[in-house]
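Worksheet: one structure, shown below.
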Amino acid sequence: MTKREIVEELPARRLGLSHRDAEAAVNAIFEAMTEALSRGDRIEIRGFGTFAIKERRARQGRNPKTGAAVTIEAKRIPFFRTGKELRAEINRATDEAARRSA
């Protein structure tokens, strides 16, 4: 699902919400999440999952084309861990799909 699909889904689920308001809400949420992660904060959405920043240390890597050693700098990367309820729902949907196709 893309950001655009999320914006289109909101007015369909909530009558009275305009497309413009839905787009503003989605943009505001994503901006707030981006700012929080940039500060190093952790974002927890109960039943869905947790967004956090992981620190990757500097290390030596290899250029796959030439085989030459390359220094890879330390960096921070966003990380998402699913919540228990989301994981259970995904597995339930997968199990139901497997039963239907069998």
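No lab work stands behind these numbers, since they all come straight from the coordinates. This one's a predicted model, so the numbers in the text were calculated from it and none came from an experiment. Cβ placement follows ideal geometry from the backbone for every residue including glycine, while neighbour counts extend to all protein chains displayed.
Structural remarks
Yes/no per residue for (1) out of contact with any Asp or Glu (no Cβ under 8 Å at 6 or more places or on another chain); (2) over 25 Å from Ala32 (Cα atoms); (3) surrounded by 10 or more Cβ atoms within 10 Å (Cβ to Cβ):
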position: Glu55; (1), (2), (3): yes, no, no
position: Gln60; (1), (2), (3): yes, yes, no
position: Asn63; (1), (2), (3): yes, yes, no
position: Thr66; (1), (2), (3): yes, yes, no
position: Ala69; (1), (2), (3): yes, yes, no
position: Arg76; (1), (2), (3): no, no, yes
position: Thr82; (1), (2), (3): yes, no, yes
position: Glu85; (1), (2), (3): yes, no, yes
position: Asn91; (1), (2), (3): yes, yes, yes
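- The selection criterion, being among the β-branched types (Val, Ile, Thr), out of contact with any Cys (no Cβ under 7 Å at 6 or more places or on another chain), surrounded by 10 or more Cβ atoms within 10 Å (Cβ to Cβ) and part of a strand (DSSP E or B), holds for Thr50.
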